[in-house]
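Undergrad: The structure that follows is given in the form of structure tokens.
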Number of protein chains: 2
Amino acid sequence: MVELDSIDTVILELLLEDARRSFRDIAEEVELSPPTVSNRVDRLRDLGIIQRFTVELDRTKFANEDECLVTIDTHPDHANDVFSQLQEIDGIEHAFYTVDSTVVAKAVLPPSDVQALFADVLSSEQVSDYHVVSVLESSWKPQFGTTGLNIECSICGNSISGDGETVKVESGDLYHVCCSSCAKEISAQYESFRQAADE
Amino acid sequence: MVELDSIDTVILELLLEDARRSFRDIAEEVELSPPTVSNRVDRLRDLGIIQRFTVELDRTKFANEDECLVTIDTHPDHANDVFSQLQEIDGIEHAFYTVDSTVVAKAVLPPSDVQALFADVLSSEQVSDYHVVSVLESSWKPQFGTTGLNIECSICGNSISGDGETVKVESGDLYHVCCSSCAKEISAQYESFRQAADE
DNA sequence: GATGAAATTAGTTCAAG
DNA sequence: CTTGAACTAATTTCATC
């Protein structure tokens, strides 16, 4: 498990939202300089956390393609195979593989094509049952989980919802807090700490 | 269904590969000017074909994230409400709303949190049943399908795999071909066409 | 629609802390 | 690991075709 600090987290969130956002813009958000942001992004790529910058397309807009959702009950021994095989299929956009050996995929293909494809690709050894249903609407909001990457307010310990605030104290350290009153608080705490050190 | 010409298609492919590629670079590939590429990308965004520039992350690298998949059987009259409400929830990454009034969502949250959330948000009027299951693996494959977007070689009609080549004849028209021999061929054809026209 | 030239804005390199 | 300054590169605007 790679160590990411809260700044990396913010950078990733900003890039998830808009991968063409300028490093200057990101730098302002995290209160660092553009070269530093650039260095951190390079590091995130080197670490393999950022796999690539890409573009999310709405394929239903240009293909006269339908979307459908496929739920596959696999035999537990073959669940992983099925999951891997699905990813090779052109038109399968998302696939999820659950603890109960179900594989759920969203395909940008008409249901009939999916039926045909699956007859070809999946064997009865692997799959006990599957069903295909047309999707009326789908949404996708790429994000981090709140677990493990959650930023906690440095003052009150609550998780920071929304944007929060970032405070830079005189030492140059950054603190992420949930609201303006915690931001005031941290400045006050730092000040009293510094005065104590001076005495 | 939106009309995309072959240049749009090439632009989209290049952006899928690397969304931070410069417009200059793209402009060279498609033999147009940077402002034109910029205009076309703007148009693709306006049309909703490009939904967002984003970043593909390897979550396994850092996450002690739990993901889970929620399947909700809704009362048909409330299916759309449920779908909309889900999207507001922080941690819901995908939501799909199918013709049989099932809403499937993938949350980047531990199952217990999802249970708690849903108790709050969803009423028994809306939902007849739902169940939550942990996700072991999930994948996203940002790619074109072959349906509707395939580029064919102007000479031999084969689909263009890999990069292909783009040829600009004297009239200024662009042709996309699969290989250098088809590129030669199109120049030759254009030349003989022009000579015939002169006579 | 597409372009080239000018103006603006962004990214990178590097010496230094 | 970070920065500011200098430099290089990319993007946008706009007049023109």
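Each reported figure results from applying straightforward, stated rules to the coordinates on display, with no laboratory input. Worth saying up front: this structure is predicted, and the values here are computed from it rather than measured. Glycine also receives a Cβ, built like all others from the backbone with ideal geometry; neighbour counts cover every protein chain displayed.
Undergrad: Please compute, for peptide A:60-70, the average count of beta-carbon atoms on other protein chains lying within 10 Å of each residue's beta-carbon.
TA: That average works out to 5.
Undergrad: What FRET efficiency do you get for A:Ser124 and A:Gln87 if R0 is 25 Å and r is their Cβ-Cβ distance, rounded to the nearest 0.05?
TA: Between A:Ser124 and A:Gln87 the formula returns 0.75.
Undergrad: Now for a separate question. Can you list the GluC sites (Glu not before Pro) in segment B:73-145 that are in a DSSP coil and have 14 or fewer other beta carbons within 10 angstrom?
TA: Values: sites: B:Glu88, B:Glu93, B:Glu125, B:Glu137; in loops: B:Glu125.
Taking segment B:73-145 and a limit of 14 other Cβ atoms within 10 Å, the loop GluC sites (Glu not before Pro) found are B:Glu125.
Undergrad: Suppose R0 equals 41 Å. What FRET efficiency, 1/(1 + (r/R0)^6) with r the Cβ-Cβ distance, do A:Asp77 and B:Ala116 give to the nearest 0.05?
TA: Efficiency, rounded to the nearest 0.05: 0.75.
Undergrad: Measuring label to label, 7 Å along Cα→Cβ, what does A:Gln87 give against each other copy in nm, shortest first?
TA: Copy-to-copy label distances for A:Gln87: 2.8 nm.
Undergrad: Using each residue's phi in segment B:83-90, evaluate 6.51 cos²θ - 1.76 cosθ + 1.60 at θ = phi - 60° and report the 3J(HN,Hα) Karplus result to the nearest Hz, with x for Gly and Pro.
TA: For segment B:83-90, the Karplus-derived couplings read 4, 5, 4, 4, 5, 6, 6, 5 Hz, x marking Gly and Pro.
Undergrad: Run the dipole for segment A:60-134 about the Cα centre, Lys and Arg Cβ at +1, Asp and Glu Cβ at -1, nothing else charged, and hand back the magnitude in debye, nearest 20.
TA: Here segment A:60-134 has a charge dipole of around 220 debye.
Undergrad: Follow-up question, since we're still on this one. How high is the FRET efficiency from B:Ala188 to B:Glu28, r the C-beta distance, R0 35 Å, rounded to 0.05?
TA: 0.90
Undergrad: What gaps in nm, shortest first, separate B:Arg20 from its twins in the other copies when you place the label 7 Å past Cα toward the beta carbon?
TA: 1.5
Undergrad: Let me ask you something else. Quick one: Debye curve from the alpha-carbon atoms of segment A:1-124 only, equal weights, vacuum; give me log10 I(q)/I(0) at q = 0.12, 0.17, 0.18, 0.21 Å⁻¹ to two decimals.
TA: -0.66, -0.90, -0.93, -1.06
Undergrad: Taking the label point 7 Å from Cα in the Cβ direction, how far apart in nm is B:Asn39 from each other copy of itself, listed shortest first?
TA: Once sorted, the set of distances for B:Asn39 reads 4.2 nm.
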